[in-house]
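Enquirer: Shown below is the structure under consideration.
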Amino acid sequence: KDDSLYVHEDGSKRFIEEIVAHKILKQSYEYEVSFKNMSSSENVWMPRDELIKCGFKKKVFEVDTREAQCLGLLRPLVHREGLEPEFVLHKTMSGQKVKSFL
């Protein structure tokens, strides 16, 4: 896709392949970006707004969600229903996650 084009500070043109990680700055986020046909040593940190303008809104959301889940900040089944975590109990039955309300 053409909107994944990134012009590096040295003037070279690169195509964004993947968002690898993110870090929190004072009041914003930056994301580590890898490029097609380039090694990981060529990765750069890009601001959230710039990635969204390049058409990577869904990828940014996926990275944010993955990080939140790793930190235990997001429980998707609770979040979707808008309930506080203490009111919902999750169990696995027959290989499926089942939600019980208290």
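Rule-based calculations on the coordinates, nothing more; no lab input. Everything numeric here is computed off the predicted structure, so don't read it as measured data.
Enquirer: Using Cα pairs closer than 8 Å and at least 6 residues apart in sequence, work out the relative contact order for the stretch 1-50, in percent.
Expert: Values: 74 pairs, mean separation 12.8, N = 50.
So the answer I get is 26 percent.
Enquirer: Sequence-distant or interchain residues sharing an amide H contact under 5 Å with residue 44, placed H: which?
Expert: Those lying under 5 Å, H to H, from residue 44 are 33.
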